[in-house]
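K.L.:
Once you've had a glance at the structure underneath, I'll fire off some questions.
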Amino acid sequence: MSQEIAVVGSPDFTTGFRLAGVRKFENVPDEEKDEQLDEAVSRTLEDDDVGIIVMYDGDLDLLSRQVRQSVETSIEPTLVTLGGGAGAGGLRDQIKRAIGIDLMDEDED
Amino acid sequence: MAEDVKPTRKNLMAIEDRIELSERGHDTLEQKRDGLIMEFMDILDQAQDVRSQLNQDYETAQSKINMARAMEGDVAVRGAAAALKEHPEITTQSKNIMGVVVPQIESSRVKKSLDQRGYGLLGSSARIDEAADAYEELLESIILAAEVETAMKKMLEEIETTKRRVNALEFKLLPDLYENKEYIEQKLEEQEREEIFRLKKIKAKKEEEEKAAREEEGPETTPPETVPADD
């Protein structure tokens with residue numbers, strides 16, 4: 001089954017992706033993120049045609065706890081965040097929980 | 001817990017069987033967990049490379065689009081973005097790593113040539129083309145990152161459940177079973193000791209009775225022996 005990539009974020013963030021041909025996007029202006037981001041992300045999560053969700057890492061902090069958790073643990077569609085360091089998007093916490101060691105500690109590398 | 005079982009030999013045998021099975025399961029699960037962690041380490045190295053590439057691509061793409069915006073104006077960039085006709089698509093296949101199904105994502109139509117983009121050659125500038133190029137590259141990195149990070153998430157989930165099972169067996173089920181086994185064994189020993197004691201008691205009582213009976217009979221039977229011989 002062929003799927004598409006979706007981008008959720010501010011208009012500035014999504015424009016570039018639209019330039020590369022991404023058709024599914026949710027524009028949420030910065031000043032309305034507090035109210036509308038949750039809804040936009042939930043809508044994208046429920047869309048069966050979406051295989052990958054692209055978001056700006058800082059936007060995750062604006063989500064409600066519930067939506068954040070569901071988008072971080074979602075496997076289909078998968079969340080890819082941009083702008084954060086390694087292990088962004090909840091992956092680092094999950095590794096700490098499952099393995100017991102913070103494998104993504106950059107100081108050690 | 002230990003008091004819930006009936007101290008019978010049948011239960012003891014059943015518990016011994018369960019202990020054997022649980023220990024075998026525990027060993028197997030432990031091996032699975034270690035194997036999964038090793039596989040995970042391989043993917044983790046890969047993921048870190050992909051991540052750094054992704055961040056690099058994102059920075060490049062951002063600077064390119066900012067440049068395009070500054071030179072051509074926001075409206076031109078948005079106009080070009082709205083004109084795109086070809087859309088990238090991804091297809092997902094699955095691969096099996098130690099029982100964990102991880103996706104393999106294949107993409108099509110991410111990279112497009114100038115004439116495929118649809119915003120026309122005359123209406124746009126080279127800067128918009130460059131930005132589009134950079135974002136196409138970024139999309140490819142994103143697709144790769146999505147594949148690797150989904151695999152990591154799935155492996156982590158599996159590692160977590162396996163770890164939980166190993167721990168449940170090691171720290172809950174097996175200690176309980178051993179406790180039950182010991183309880184039954186001690187109870188059975190206790191019963192055996194009681195049985196021996198009872199038998200000894202009965203034997204002693206019987207002997208006493210016999211002795212008493214003999215003594216009772218004694219005076220009646222002995223007189224003939226003590227009959228004075230008639231001189």
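K.L.:
Give me the extension gain from A:Asp57 to A:Ser74: residue separation times 0.36 nm, minus the current Cα-Cα distance, reported in nm with one decimal.
P.N.:
Between A:Asp57 and A:Ser74, full extension yields 4.6 nm more.
K.L.:
Here's something else I'd like to know. Report relative contact order for the range B:2-178 in percent, whole number only (criteria: Cα-Cα under 8 Å, sequence separation at least 6). Could the numbers behind the result be given before it?
P.N.:
Working: 155 pairs, mean separation 61.5, N = 177.
Here the relative contact order equals 35 percent.
K.L.:
For the range B:157-200, compute Rg over Rh where Rg is the Cα radius of gyration and Rh is the Kirkwood radius from the inverse mean 1/r over Cα pairs.
P.N.:
Taking Rg over the Kirkwood Rh, I get 1.44.
K.L.:
Cut-off is 10 Å between beta-carbons; in what order do B:Phe197, A:Phe13 appear when sorted fewest neighbours first?
P.N.:
Least crowded to most crowded, the residues run B:Phe197, A:Phe13.
K.L.:
Considering only DSSP beta bridges whose two residues both sit in the protein assembly as shown, what percent are antiparallel, to the nearest 5? Let's see the in-between values first.
P.N.:
Details: 11 of 25 bridges.
Of all bridge pairs located within the protein assembly as shown, approximately 45 percent are antiparallel.
K.L.:
Could you give log10 I(q)/I(0) at q = 0.12, 0.18, 0.19 Å⁻¹ for the range B:2-178, computed by the Debye formula over C-alpha point scatterers of equal weight, without solvent?
P.N.:
Results for the range B:2-178 at q = 0.12, 0.18, 0.19 Å⁻¹ read -0.73, -1.09, -1.15.
K.L.:
Convex hull over the Cα atoms of the range B:131-227, averaged projected area in nm²? List each step's numbers first, then the result.
P.N.:
Working: hull surface 34.4 nm².
With the hull built on Cα positions only, its mean projection is 8.6 nm².
K.L.:
Loop only by DSSP, 12 or fewer other Cβ within 10 Å of the Cβ. Give me the trypsin sites (Lys or Arg not before Pro) in the range B:57-134 that pass, ordered by residue number.
P.N.:
Counting only loop positions with at most 12 other Cβ atoms within 10 Å, the trypsin sites (Lys or Arg not before Pro) in the range B:57-134 are B:Lys85.
K.L.:
Specify the inter-centroid distance of the range B:31-100 and the range A:27-96, based on alpha-carbon positions, in whole Å.
P.N.:
Each part's Cα centre sits 15 Å from the other's.
K.L.:
Now, a different point. Out of all DSSP beta bridges with both ends in chain B, state the antiparallel percent to the nearest 5.
P.N.:
100
K.L.:
May I ask you to list the aspartates and glutamates whose Cα is less than 18 Å away from that of B:Lys200, ignoring any residue fewer than eight positions away on the same chain?
P.N.:
Filter leaves B:Glu189, B:Glu190, B:Glu192, B:Glu208, B:Glu209, B:Glu210.
K.L.:
For the range A:4-99, place one equal point scatterer on every Cα, skip the solvent, and apply the Debye formula. What is log10 of I(q)/I(0) at q = 0.13, 0.14, 0.15, 0.24 Å⁻¹?
P.N.:
-0.40, -0.47, -0.54, -1.36
K.L.:
Over 19 Å between Cα atoms, which of B:Lys181/B:Lys201; A:Lys33/A:Lys96; B:Lys95/B:Lys154; B:Lys10/B:Lys181; B:Lys32/B:Lys181 qualify?
P.N.:
As for pairs spanning more than 19 Å Cα to Cα, those are B:Lys181/B:Lys201; A:Lys33/A:Lys96; B:Lys32/B:Lys181.
K.L.:
Using only the alpha carbons of the protein assembly as shown, determine the length spanned along each of the three principal axes and report them from longest to shortest in whole angstroms.
P.N.:
Taking max minus min along each principal axis of the Cα atoms, the protein assembly as shown gives 164, 41, 37 Å.
K.L.:
Quick one: compute the contact order of chain A, relative version, from alpha carbon pairs under 8 angstrom and 6+ residues apart, as a percent.
P.N.:
It rounds to 23 percent for chain A.
We did not get these values from a lab; they are worked out from the coordinates using the rules stated. This one's a predicted model, so the numbers in the text were calculated from it and none came from an experiment. Note: ideal-geometry Cβ built from the backbone for every residue, glycine included; neighbour counts use all protein chains shown.
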